[in-house]
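The block underneath contains the structure these notes are about, expressed in structure tokens.
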Amino acid sequence: MSAPHPFKNHPLADFTIKEVRAELQNALDSLEQERRTGKLFGASIIDGKVDRSGEATVRNDPSNTALEIGPVAFASKEQAQQALESCARGFHAWRARSYEERACIIEKIGLLIKERVPFFTSLLIREAGKPWRDSDAEVAEAIDFCLYYAEEMRRLGAPHLTEQVLGEENYYLYQPRGVVVVIAPWNFSLAIACGMVVAALVTGNTAILKPSEQTSIVAFEFAKLVLEAGVPADAFALVPGRGEVIGAHLVASPLTAMIAFTGSRAVGLEIIRTASTVVPGQQGIKRVVAELGGKNAIIVDEDADFDDAIRGVLTSAFGYAGQKCSACSRLIIVGDAYEPFLERLAAATSDLYVAAAADPASFYGPVIDEESASRVIKTIRDAQDVRLLVQGSIEPQSLGHGWFVPPTVFRDVPQTHSLWRDEIFGPVVACAKARSFEHALELANESEYALTGGVFSRNPTNLERARTDFRVGNLYINRLITGALVCRQPFGGFKFSGIGSKAGGRDYLVQFMEPRTITENTMRRGFSPDLNS
Ligand code: NAD
């Protein structure tokens, strides 16, 4: 067993303390002032310059769609091309910096975010419709990525002597790849974008961030800090815009060496396909890291502690309206526990308080946009052939103002049904009964995805079986299945949940580099130290 990593996670805010609540409320009030005075907007940053030209769009508050947060200028293909050329030019100077210097700059990004925790938390509440606790946890995760990857680079940066043989030295070392295109989702618009960008930069690559269309304003605020921390203007660029237009252009470019993508399975597979097509001028095979979706299951065993399990299921399934790749969307209940557990779940789901994300009591808020709301509501309506267990409600003052979807649970869902098979990415859970614990494991593993999974049980034999046979990237026992912490719970899946190593873990940075071996004959025959100029 190796020693624990020296890194420590950033602590979460304790909103039970009056002063902590007041601090975030003040930040929300200040943000409102900034919004009213037109200070919130999204734009490209290329070569260190803010560029507000491009397609003019607007981001509205998903909790209150009448409220305009700010204008966003979507970049054109020409702007994306400028970003590529700038970051290709800047690569050699940035890679020449020592890894220690780069690690210090990345740490500085983390420290700058740390100084602005209430600001970023309030911006996520508004732009991403994410409730207080979830937004605070996301900002903490962004800080963690900066400090952890900086520390990791110190571990990996120096050449490593593989074997000392008389007359020969052998070194193993890493070099950066080149321009890394980072394509991020909206559901962790700060943390995931930040994690992928700082991983690319600390390893000596230059990085272009293409944030999600829905969350370009938080990306813009983050991008400003990257430059403020000391990343050179030609080592990083931000290009907000349409995925199928500029995202596709960045992926296909011969100047791109690597793509770090987090998002849906369909887009991830499309990116892998495009990246594997060689274009004129391309210097090598493009590397793709793609972290994709999930259809995650929780098993509730016959002897599970129902109090713990209900809490764990509700938070895992409905936290951030089920819009986490790690969210629980299948619930498998063993044998005689089925009916009594469903009875408790129905009562608890009806009691959930669903309201605007800025309301501190909100368990969850809106979904991200109108398209998402219509899609999830249609999925629920189309499931007429399945038995509805319960549908909760929306707090009356929020109802009709934002893109809200009530918490919805279906029971006795057949394994052939799309509710059971497809990622919904909303507050919808499909339940099924298992004959035995073995049967529960079979049902859980019968998925094209393998991201997270959970078991509530007090039976040591069953828990041991789950450890070996519940095949998911992150398995959680007797706790919720969301909220992985950087370093403590490196995160990521396999099957159609993605390709690449876990974010926030020891193998992550290595993907952004190429290993090299240098062997030197040190017998020094004819060696002339005086030639050293
Ligand atoms: P999405 O795939 O729709 O979009 C992700 C990004 O890809 C956006 O920036 C988008 O503009 C861009 N994009 C779209 N089409 C593109 C194209 N043709 N070429 C290049 N880029 C393109 O995903 P989303 O709706 O933003 O996020 C939700 C999805 O992300 C869910 O499936 C969720 O499970 C997944 N996700 C996975 C993880 C993980 O760690 N495994 C984490 C968060 C989210």
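List the number of the failed condition for Gly110; all other conditions in (1) closer than 28 Å to Tyr174 by Cα; (2) part of a loop (DSSP other than H, G, I, E, B); (3) small (Gly, Ala, Ser) hold.
Going through (1) closer than 28 Å to Tyr174 by Cα; (2) part of a loop (DSSP other than H, G, I, E, B); (3) small (Gly, Ala, Ser) one by one, Gly110 breaks only (2).
Does Ile310 fit the bill of being away from the ligand (no atom under 16 Å from the Cβ), in contact with a Lys or Arg (Cβ under 9 Å, 6 or more places away or on another chain) and either open to solvent by 10 Å² or more (accessible area, probe 1.4 Å) or of a type in the set (Ser, Thr, Tyr) (or both)?
Criteria met by Ile310.
What single numbered condition from (1) surrounded by 14 or more Cβ atoms within 10 Å (Cβ to Cβ); (2) under 26 Å from the mean Cα position of the chain (by Cα) fails to hold for Val58?
For Val58, the failing item is (1).
Taking Arg516 as the residue in question, decide whether it is over 26 Å from Thr416 (Cα atoms) and either more than 17 Å from the chain's Cα centre (by Cα) or surrounded by fewer than 22 Cβ atoms within 10 Å (Cβ to Cβ) (or both).
Yes.
Can you tell me which residue within the stretch 287-307, out of those that are in contact with a Cys (Cβ under 9 Å, 6 or more places away or on another chain) and part of a loop (DSSP other than H, G, I, E, B), is nearest to the ligand (Cβ to nearest atom)?
Checking each candidate, the answer is Gly293.
Yes or no, residue by residue, for (1) touching a Lys or Arg at 6+ places or on another chain (Cβ under 6 Å); (2) open to solvent by 30 Å² or more (accessible area, probe 1.4 Å); (3) at pLDDT 95 or above; (4) not charged (D, E, K, R):
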residue: Val486; (1), (2), (3), (4): no, no, yes, yes
residue: Ile499; (1), (2), (3), (4): no, yes, yes, yes
residue: Lys502; (1), (2), (3), (4): no, yes, yes, no
residue: Gln511; (1), (2), (3), (4): no, no, yes, yes
residue: Pro529; (1), (2), (3), (4): no, yes, no, yes
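So that you can scan it fast, the table gives a plain yes or no per residue for (1) away from the ligand (no atom under 16 Å from the Cβ); (2) at positive phi; (3) over 16 Å from the mean Cα position of the chain (by Cα):
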| site | (1), (2), (3) |
| --- | --- |
| Arg133 | yes, no, yes |
| Glu138 | no, no, no |
| Phe145 | no, no, no |
| Leu156 | yes, no, yes |
| Gln164 | yes, no, yes |
| Val180 | no, no, yes |
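Return a yes/no flag: does the stretch 49-65 have any residue that is in contact with a Leu (Cβ under 8 Å, 6 or more places away or on another chain), touching a residue at least 40 places away in the same chain (Cβ under 8 Å) and closer than 25 Å to Val202 by Cα.
No: zero hits.
Kindly establish whether Ser44 is open to solvent by 40 Å² or more (accessible area, probe 1.4 Å) and either hydroxyl-bearing (Ser, Thr, Tyr) or within 27 Å of the chain's Cα centre (by Cα) (or both).
Taking the combined requirement at face value, the residue does not satisfy it.
Name the one entry in Ser212, Ser216 that is without any contact (Cβ under 8 Å) to a residue 60 or more places away in the chain and either open to solvent by less than 10 Å² (accessible area, probe 1.4 Å) or near the ligand (Cβ under 10 Å from one of its atoms) (or both).
Step by step, each of Ser212, Ser216 is checked, and only Ser212 is without any contact (Cβ under 8 Å) to a residue 60 or more places away in the chain and either open to solvent by less than 10 Å² (accessible area, probe 1.4 Å) or near the ligand (Cβ under 10 Å from one of its atoms) (or both).
Tell me, yes or no, whether the stretch 393-410 has at least one residue that is more than 27 Å from Ile299 (Cβ to Cβ), within 16 Å of the ligand (Cβ to nearest atom) and touching a Ser or Thr at 6+ places or on another chain (Cβ under 9 Å).
For the stretch 393-410, residues more than 27 Å from Ile299 (Cβ to Cβ), within 16 Å of the ligand (Cβ to nearest atom) and touching a Ser or Thr at 6+ places or on another chain (Cβ under 9 Å): present.
Answer yes or no: is there a residue in the stretch 277-286 that is at pLDDT 95 or above, surrounded by 19 or more Cβ atoms within 10 Å (Cβ to Cβ), basic (Lys, Arg) and more than 14 Å from the ligand (Cβ to nearest atom).
no
Out of all the residues in the stretch 161-195, which are among the small types (Gly, Ala, Ser), surrounded by fewer than 24 Cβ atoms within 10 Å (Cβ to Cβ) and modelled with pLDDT of 95 or more?
Passing the criteria: only Gly178.
Which residues, counting only those in the stretch 340-369, are touching a Pro at 6+ places or on another chain (Cβ under 9 Å), open to solvent by 10 Å² or more (accessible area, probe 1.4 Å) and part of a helix (DSSP H, G or I)?
Ser350 - this is the single residue of the stretch 340-369 that is touching a Pro at 6+ places or on another chain (Cβ under 9 Å), open to solvent by 10 Å² or more (accessible area, probe 1.4 Å) and part of a helix (DSSP H, G or I).
Hey, does the stretch 253-267 have a residue that's more than 11 Å from the ligand (Cβ to nearest atom), without any contact (Cβ under 8 Å) to a residue 60 or more places away in the chain and either surrounded by fewer than 24 Cβ atoms within 10 Å (Cβ to Cβ) or of a type outside the set (Val, Ile, Thr) (or both)?
Yes, the stretch 253-267 has at least one match.
Could you list all residues from the stretch 227-244 that are farther than 12 Å from Asp47 by Cβ, more than 15 Å from the ligand (Cβ to nearest atom) and not in a loop (DSSP other than H, G, I, E, B)?
Of everything in the stretch 227-244, just one residue is farther than 12 Å from Asp47 by Cβ, more than 15 Å from the ligand (Cβ to nearest atom) and not in a loop (DSSP other than H, G, I, E, B), namely Glu228.
Whether any residue in the stretch 196-206 is on the phi > 0 side of the Ramachandran plot, at pLDDT 95 or above, open to solvent by less than 10 Å² (accessible area, probe 1.4 Å) and under 20 Å from the mean Cα position of the chain (by Cα) is what I want to check.
Scanning the stretch 196-206 turns up no residue that is on the phi > 0 side of the Ramachandran plot, at pLDDT 95 or above, open to solvent by less than 10 Å² (accessible area, probe 1.4 Å) and under 20 Å from the mean Cα position of the chain (by Cα).
Being at pLDDT 95 or above, touching a Ser or Thr at 6+ places or on another chain (Cβ under 8 Å) and either open to solvent by 20 Å² or more (accessible area, probe 1.4 Å) or within 16 Å of the ligand (Cβ to nearest atom) (or both): is that true of Arg421 here?
Yes; evaluated as a whole, the condition is true for this residue.
The values are calculated or read from the model by the stated rules, or taken from the named source; none is laboratory data. What you see is a predicted model; the values in this text were computed from it and never measured. Cβ: placed from backbone, ideal geometry, glycine included. Neighbour counts: every protein chain shown. Heavy atoms of the whole protein, side chains included, go into the accessibility calculation; ligands, DNA and RNA do not. Shrake-Rupley method; radii C 1.70, N 1.55, O 1.52, S 1.80 Å.
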